[in-house]
Structure formats: structure tokens, C-alpha cells
Amino acid sequence: MAERRADVTWTGELMGGSGTIDSVGSGAFGPLDVSWPARSEDASGGKTSPEELIAAAHASCFSMSLASGLAKAGTAPGRLSTTAAVTFVPGTGITKIALTVRGSVIGLDADGFSAAAEDAKANCPVSQALAGVGEITLDAELDE
């Protein structure tokens, strides 16, 4: 079992306030500034948002799950490049996550890669934690 931790401080009300992800248990990053405008507007002003962090978590978890599945099937990837785009609608919440993966996998055809990617999408722990999101799409292609 592993437990991960993040410490955050928020000051003020939502619209005009601001926050800081003070630290994470691993020490890998922090402090990071967060704000409502960074969450709800296109211009982030150099600050992050929960949705950006969810995108990073989802892309990395999906990539790990796909790499594991491919390796177990005897076709370990040379490289996987994954993007997760999280759509946040103020007043509604997260409405969509779009996963895009491009991979270099010797000995695997496009259909096999697509099937492995669908399995990773369904079974990575972050995908499962985000099951309440209305739409999670996947675009998976092998590099030529």
C-alpha cells in the first residue's frame, strides 16, 4: 500500500483568493500557485489548477498502464507520448477528458495498439477514479 500526500494553503474567498500547493510528500514539486482564474479561464497567468494536475496524473497513469499491458503481451513499447486534456465548466465541473497517445511499438499493428490502449484507459487507477466524468475519449495511434 502507498499513500501520497499534498499540502495546500488557500487565502481569501474563491474569486479573488489564491492558493499554493505548498508541498507534496515526495518533494518532487512545490510550491505551485493556484487560483480560480487559472482554473476557469484560458489564460492561467503562470498558475496551475486542479484540472491541470488531474491531466498530468491521468496521462502518466494511463502511460504506465499501457506500457505494462504491452510488456506483459510481449511487445514492450519503445516510446509512448500521451496527452490528457481535461475540460472544466464552471458551475458544472469536469465534463470531458480526452486522452491522446502516440506510440512506437515494434511487432504490434494498429489494431493491437488500439486494443491495448483501450484496456489501459479502462483499467488505469486514475481512469477508474475519474469514472464519474461524463466523457473520456481516447485517440491512439502507432507512429510510423
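Residue check: is VAL101 buried (at least 16 other Cβ atoms within 10 Å of the Cβ) and more than 22 Å from ALA2 (Cβ to Cβ)?
Numbers: buried (at least 16 other Cβ atoms within 10 Å of the Cβ): yes; more than 22 Å from ALA2 (Cβ to Cβ): yes.
Spelling it out, VAL101 is indeed buried (at least 16 other Cβ atoms within 10 Å of the Cβ) and more than 22 Å from ALA2 (Cβ to Cβ).
Please tell me if ALA59 is touching a Leu at 6+ places or on another chain (Cβ under 6 Å) and small (Gly, Ala, Ser). Reasoning before the result, please.
Values: touching a Leu at 6+ places or on another chain (Cβ under 6 Å): no; small (Gly, Ala, Ser): yes.
No, not satisfied.
I'd like the full set of residues that are surrounded by fewer than 20 Cβ atoms within 10 Å (Cβ to Cβ) and either over 19 Å from the mean Cα position of the chain (by Cα) or aliphatic (A, V, I, L, M) (or both), limited to segment 56-82.
Within segment 56-82, ALA56, ALA57, MET64, ALA67, ALA71, LYS72, ALA73, GLY74, THR75, ALA76, GLY78 meet the criteria.
Taking segment 33-55 as the region of interest, how many residues are acidic (Asp, Glu) and either over 9 Å from the mean Cα position of the chain (by Cα) or loosely packed, with under 15 Cβ neighbours inside 10 Å (or both)? First the steps, then the outcome.
From segment 33-55, those acidic (Asp, Glu) are 33, 41-42, 51-52; that's our starting set.
Going one step further and asking which of them are either over 9 Å from the mean Cα position of the chain (by Cα) or loosely packed, with under 15 Cβ neighbours inside 10 Å (or both), we end up with 33, 41-42.
Counting residues in segment 33-55 that are acidic (Asp, Glu) and either over 9 Å from the mean Cα position of the chain (by Cα) or loosely packed, with under 15 Cβ neighbours inside 10 Å (or both) gives 3.
Kindly indicate whether any position in segment 5-26 is charged (D, E, K, R), exposed (fewer than 12 other Cβ atoms within 10 Å of the Cβ), without any contact (Cβ under 8 Å) to a residue 12 or more places away in the chain and assigned to a loop (DSSP other than H, G, I, E, B). Lay out the reasoning, then the answer.
Taking segment 5-26 and keeping what is charged (D, E, K, R), we get 5, 7, 13, 22.
With the extra rule that they be exposed (fewer than 12 other Cβ atoms within 10 Å of the Cβ), the set shrinks to 5, 13.
Okay, now just the ones that are also without any contact (Cβ under 8 Å) to a residue 12 or more places away in the chain, so 13.
Next, from what is left, pick out any that are assigned to a loop (DSSP other than H, G, I, E, B): 13.
So far as segment 5-26 goes, yes, one or more of its residues are charged (D, E, K, R), exposed (fewer than 12 other Cβ atoms within 10 Å of the Cβ), without any contact (Cβ under 8 Å) to a residue 12 or more places away in the chain and assigned to a loop (DSSP other than H, G, I, E, B).
FYI, it's all coordinate maths here, none of it is from the lab. On a predicted model such as this, the values are computed, not experimentally measured, just so you know. In this analysis, Cβ positions are derived from the backbone assuming ideal geometry, glycine residues included, and neighbour counts consider all displayed protein chains.
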